[in-house]
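Asks: Can you keep this structure in mind? I'll have questions shortly.
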Amino acid sequence: MRKINISEAEGNLALCFDTSLDARSFARTKLAQCITDPGFIVFPDGASKIWKASGVMEEGNTMKIYGPVFTGERLDALMDSSESNARDKALQAIIIWIRAKLALGEVLSSNNPGAAFIAGFEETETENPKGSIFFAPETVSERCLFAEGLSINRFNCPDLQRMEAAAYCAGTLLYEVMTGARLFTVSDHIHQDMREGNYVPASLINPGLDEKIIELIETALSLPISKKKTTESGTAILNNILNSLTAKGEEALVSSFARSLTEEEVARCAKEKGRYMKKKNVSLKANRFLLRNKPVLIGVLAGLVFITFVTVSMIKSRTGQPTTAGLSSQNVIVSYYEALSSLNHTFMEECILGADKSDVDMVINYFVVNKVKQAHERDFQASIIPARVWKDNGGELPAPNVFGVTDLSVEHMSGSERDISISYRINYTLWFPIEPFSSVRSDQMTLTKKRGNWRITTIRRTILEE
């Protein structure tokens, strides 16, 4: 049942917000203080005015906040409509919503589509011009939507603010209307999915979708993802979306932004989607395992770090540090990648002198995770297998426990064993234990002779294929 509706208040029609709270609960939550929170009405020409609640009344043992009437259809209802032309109507509503957000600018207004009412889409007549939109007061409307059972908002990320939050919401709305599929299912992990970008790309749901629209959606949805975050402002993203949607006219249809595909293209896209979903599921299960067992893993990891520290200290005190003494420059390189494959981060650190240590950090992470799983899972038996050993035995996929380097080739570039420094180019394939795909890489290394031993001082990496 809709908790935001038009009913009678003090003998007149009013827009009512039914909080579903009795008088005592209403007082305890201090919602009466929210009566001064403004709403906003934005007209098609960009002009706007403030909407203010008129009062509070008790009806049917529940407290309601009411104010001036605004007749319109909720944006979330348009998005979820099952009518034959629902997606086209929703697209027009999104255009109105974005234009109004840009007109308000930095003025705070609710981004929840359930709190946006658009005139001209309902069956009854309205006193407001078609295309007018009412943004309900945020706190009161959120309480009403919660009472309706909409406690999880699939359109908004709680990590974003102001125009960035509006741009992200526009991206989710555009994704759903252009693909006909939900971006996220309502679950306990929805906000985590937003932060991780855990969704199927629009290009795989609707392969014929216009590339510009796909780019705009991806840009908006990257806002809460730290590793993919765009440098564009929320205002710029909204403007770009609006310009693209209105380029084909104010009444553009969803179908005008997509082309039909050949049978070959459909088959290729289906295969690509299958590969993507397989890879995504493997990665998601690993992430969920780490998140679910985070307290235990932290305790085990802390213990392992302490044990590792004590053990390494004892070994160093008795046998000394590993060394590259006696190795030629090329042997140092080969030994470095062999150590990577066998998770021997101690020897890798000895090979490096000033060069980037991201390989060492990666190996340490896999080493620790492997040990944690052995400690945490009683039936865990499979340890990480060096990729070269795996390939020599046939290299069959899937290979969830394989890690390391195969197809290693070392090419001399400059310098000699008699010089202080020497450079090589190294091409190889790197396999990861939880990923079913490999990464083809090319490293340019410079080694410098230090106290008679060759050490890696520079690593310049190029990723050729993933």
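Asks: Restricting to segment 51-70, and then to whatever is assigned to a strand (DSSP E or B) and among the charged types (D, E, K, R), can you tell me which residue is nearest to ARG99 (Cα to Cα)? Lay out the reasoning, then the answer.
Replies: Step one: filter segment 51-70 for residues assigned to a strand (DSSP E or B), giving 51, 55-59, 62-67.
Still in the running and among the charged types (D, E, K, R): 58-59, 64.
Numbers: GLU58: 37, GLU59: 37, LYS64: 31 Å.
Among residues in segment 51-70 that are assigned to a strand (DSSP E or B) and among the charged types (D, E, K, R), the one nearest to ARG99 (Cα to Cα) is LYS64.
Asks: Can you tell me which residue within segment 439-460, out of those that are part of a strand (DSSP E or B) and without any contact (Cβ under 8 Å) to a residue 24 or more places away in the chain, is surrounded by the most Cβ atoms within 10 Å (Cβ to Cβ)? Can you show your working first?
Replies: Of the residues in segment 439-460, the ones part of a strand (DSSP E or B) are 439-450, 453-460.
Restricting the remaining residues to those that are without any contact (Cβ under 8 Å) to a residue 24 or more places away in the chain gives 441-443, 460.
Working: ARG441: 17, SER442: 15, ASP443: 21, ARG460: 13.
Step by step, filter segment 439-460, then rank; the result is ASP443.
Listed here are the residues, each with its yes/no results for (1) surrounded by fewer than 13 Cβ atoms within 10 Å (Cβ to Cβ); (2) assigned by TED's automatic domain parsing to the domain that holds VAL140; (3) in a loop (DSSP other than H, G, I, E, B).
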| residue | (1), (2), (3) |
| --- | --- |
| ALA14 | no, yes, no |
| ALA27 | yes, yes, no |
| ILE35 | no, yes, no |
| PRO44 | no, yes, yes |
| LYS49 | yes, yes, no |
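Asks: Something else now. Can you tell me which residue is nearest to the chain's Cα centre (by Cα) among those in segment 410-435 that are charged (D, E, K, R) and not in a loop (DSSP other than H, G, I, E, B)?
Replies: Step one: filter segment 410-435 for residues charged (D, E, K, R), giving 411, 417-419, 425, 435.
Among the residues that remain, those that are also not in a loop (DSSP other than H, G, I, E, B) are: 411, 425.
Details: GLU411: 40, ARG425: 35 Å.
By that ranking, first place goes to ARG425.
Asks: Could you tell me whether any residue of segment 303-320 is modelled with pLDDT under 80 and farther than 30 Å from ILE456 by Cα?
Replies: Checking segment 303-320: at least one residue is modelled with pLDDT under 80 and farther than 30 Å from ILE456 by Cα.
Asks: Let me confirm something: among SER416, SER421, which residue is in the same structural domain as CYS351 (by TED's automatic domain parsing) and either among the basic types (Lys, Arg) or surrounded by fewer than 15 Cβ atoms within 10 Å (Cβ to Cβ) (or both)? Outline the logic, then answer.
Replies: On the way: SER421 fails: either among the basic types (Lys, Arg) or surrounded by fewer than 15 Cβ atoms within 10 Å (Cβ to Cβ) (or both).
Going through SER416, SER421 in turn, just one is in the same structural domain as CYS351 (by TED's automatic domain parsing) and either among the basic types (Lys, Arg) or surrounded by fewer than 15 Cβ atoms within 10 Å (Cβ to Cβ) (or both): SER416.
Asks: Sticking with this one: For segment 218-239, which residues satisfy the criterion of being among the small types (Gly, Ala, Ser) and part of a helix (DSSP H, G or I)?
Replies: Step one: list which residues in segment 218-239 are among the small types (Gly, Ala, Ser), which gives 220, 222, 226, 233-234, 236.
Within segment 218-239, ALA220, GLY234, ALA236 meet the criteria.
Asks: Any idea which of (1) small (Gly, Ala, Ser); (2) closer than 16 Å to LEU173 by Cα; (3) within 22 Å of the chain's Cα centre (by Cα) is the one SER233 doesn't satisfy?
Replies: (2)
Asks: Then there is this: Might you let me know whether segment 363-377 holds any residue that is closer than 15 Å to GLN330 by Cα and in a loop (DSSP other than H, G, I, E, B)? Write out each step before concluding.
Replies: Looking only at segment 363-377, we keep the residues that are closer than 15 Å to GLN330 by Cα, and these are none.
Among the residues of segment 363-377, not one is closer than 15 Å to GLN330 by Cα and in a loop (DSSP other than H, G, I, E, B), which makes the answer no.
Asks: Restricting segment 383-398 to residues that are within 13 Å of THR429 (Cα to Cα) and among the charged types (D, E, K, R), which is surrounded by the fewest Cβ atoms within 10 Å (Cβ to Cβ)?
Replies: LYS391
The values are calculated or read from the model by the stated rules, or taken from the named source; none is laboratory data. These numbers come from a predicted model, not from an experiment. In this analysis, Cβ positions are derived from the backbone assuming ideal geometry, glycine residues included, and neighbour counts consider all displayed protein chains.
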